[in-house]
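Everything below concerns the one structure shown next.
The values are calculated or read from the model by the stated rules, or taken from the named source; none is laboratory data. From a predicted model like this one, the values you see are computed outputs, not experimental measurements. Heads up, the Cβs are rebuilt from the backbone with ideal geometry, glycines too, and the neighbour counts pull from every protein chain shown. Each accessible area value is taken on the protein alone, full model and side chains, heavy atoms only, with ligands, DNA and RNA left out. Shrake-Rupley method; radii C 1.70, N 1.55, O 1.52, S 1.80 Å.
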Amino acid sequence: MAERMPAVVFLGEGRWALEERPVPSLRNPDDVLLQVEACGICGTDLHILEVPPGHPATPGVILGHEVIGRVVEVGPAATHLRPGDRVAVAPNLYCGVCPFCQRGLFNHCERFTTLGIFLDGGLAPYEVAPARALFPISPEVPLERAIFTEVLSTVVGGTLQARLHPGEHAVVLGCGPVGLLFIQILRASGAASVVAADIAPFRREFARRAGADWAVDPREQDLEGLVREVTGVGADVVVDAVGSLIGTALRLARPGGTVILFGMNARARAEIAQYEITRREIRVVGSYVGRHTFPLAVQMLERGVIRPEELVTHRLPLSRFGEGLEHLRRGEAVKVMMVPG
């Protein structure tokens with residue numbers, strides 16, 4: 001094994017570089033060294049690299065939190081893993097002992113941190129992660145499907161809160177990878193119809209492939225009119241996968257319906273009429289990361305319940321990370337998968 005490796009490093013507001021870094025080594029008893037098979041570029045990575053940033057990150061950190069890898073070396077406390085095992089990385093780490101963790105709210109841990117954002121991640125040939133963050137996934141699952149494990153686990157958290165019943169109607173606002181996974185799961189859950197909205201024609205086409213009955217440009221089509229025509233009363237479930245569309249989501253939901261706020265944009269602000277939420281008894285739920293959803297995501301992918309592999313539009317080496325970013329920024333890509341090898 002080489003002693004040094006290339007890595008995509010966050011340098012600060014809007015800046016990154018491909019740098020040489022030492023291959024990481026085990027420091028803690030439960031550490032595991034992984035050889036990275038692939039790492040996806042996430043919408044969070046785009047927000048990190050915005051100016052001003054839409055999501056915080058630690059300057060100097062190796063980016064990349066959507067990781068599939070093979071175990072190379074295990075610490076003495078990593079007893080459930082062996083070299084050669086294939087794993088998905090759950091990058092969000094929690095302490096387990098703070099007041100929120102003790103209440104089971106691990107995603108609100110006071111010491112919450114994330115590999116690939118605040119700690120070194122997987123946009124490199126090797127990554128070290130704690131054993132508790134690693135979930136075995138079958139080597140028979142195609143890499144283009146397995147790479148969605150992390151983001152799918154977060155979407156599972158949102159769909160569990162949506163509580164959609166078979167025969168109900170859903171709307172998904174935003175057709176990036178998250179929105180497209182919502183479409184697939186809502187359809188698999190028995191939604192009578194799914195209306196998707198996005199301003200990018202490229203993504204609307206993928207929404208149709210993912211199972212949306214309608215995929216509209218809200219700037220050119222009457223989205224509210226369509227939803228009313230399809231449902232008669234408004235959508236049972238509306239998902240904001242963008243992070244800035246709560247006003248639209250509230251208008252589309254029926255009385256007694258549910259709005260899932262999933263997308264995140266730290267700079268977004270909205271003016272809403274609280275009266276409408278109260279009067280129409282709309283259930284508004286924020287969904288962040290999810291809790292205990294990784295095993296279910298792995299099962300969905302292993303059993304082929306969700307097949308998101310066709311959403312991988314670009315497979316690139318680390319040296320072309322900048323190219324992958326630009327494809328995503330211009331709306332010309334859905335999922336960009338970086339392959340260190």
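Among the protein heavy atoms of segment 192-319, carbon and sulfur supply 48% of the accessible surface, probe 1.4 Å, non-protein parts ignored. Each of residue 291 and residue 219 was given a label point 7 Å from its Cα along the Cα-to-Cβ line. The distance between the two points is 4.0 nm. In whole angstrom, segment 272-341 maps to an equivalent ellipsoid with semi-axes of 35, 21, 11, each derived as √(5λ) from the alpha carbon gyration tensor and ordered largest first.
The Cα atoms of segment 1-121 give a gyration tensor whose axes a ≥ b ≥ c have a/c of 1.5 or more with a/b no greater than b/c, which makes the shape oblate.
A 1.4 Å probe run over the protein chains yields, for segment 165-238, 40 Å² of accessible area per residue, whole-number rounding.
Would you mind pulling out the separation of the Cα centroids of segment 1-67 and segment 261-306, in Å? Taking the Cα centre of each part, segment 1-67 and segment 261-306 sit 26 Å apart. Across the chain, Cα pairs under 8 Å and at least six residues apart give a relative contact order of 18 percent.
Once the C-beta distance of residue 18 and residue 267 is scaled by a Förster radius of 22 Å, the resulting FRET efficiency is 0.20 to the nearest 0.05. Beyond 14 Å, what share of the Cα-Cα pairs of segment 1-67 is found? Please give it as a whole percent. Pairs farther apart than 14 Å: 64 percent.
Please compute the Kirkwood hydrodynamic radius over segment 192-341, one decimal place, Å, based on all pairs of different Cα atoms. List each step's numbers first, then the result.
Details: mean 1/r = 0.0569 Å⁻¹.
Radius from the Kirkwood sum: 17.6 Å.
When you count the other C-beta atoms within 10 angstrom of each residue and take the mean per peptide, 221-230, 112-121 line up highest first as 112-121, 221-230. Peptide packing: for 289-300, 273-284, the average count of neighbouring Cβ atoms within 10 Å per residue gives the ranking 289-300, 273-284, highest mean first. Using equal-weight Cα scatterers in the Debye expression, the normalised intensity of segment 142-205 in log10 at q = 0.26 Å⁻¹ is -1.15.
Carbon-plus-sulfur fraction of the accessible area of segment 1-56, 1.4 Å probe, in percent? Walk me through the intermediate numbers first.
Details: 1370 of 2730 Å².
Carbon with sulfur: 50 percent of the solvent-accessible area.
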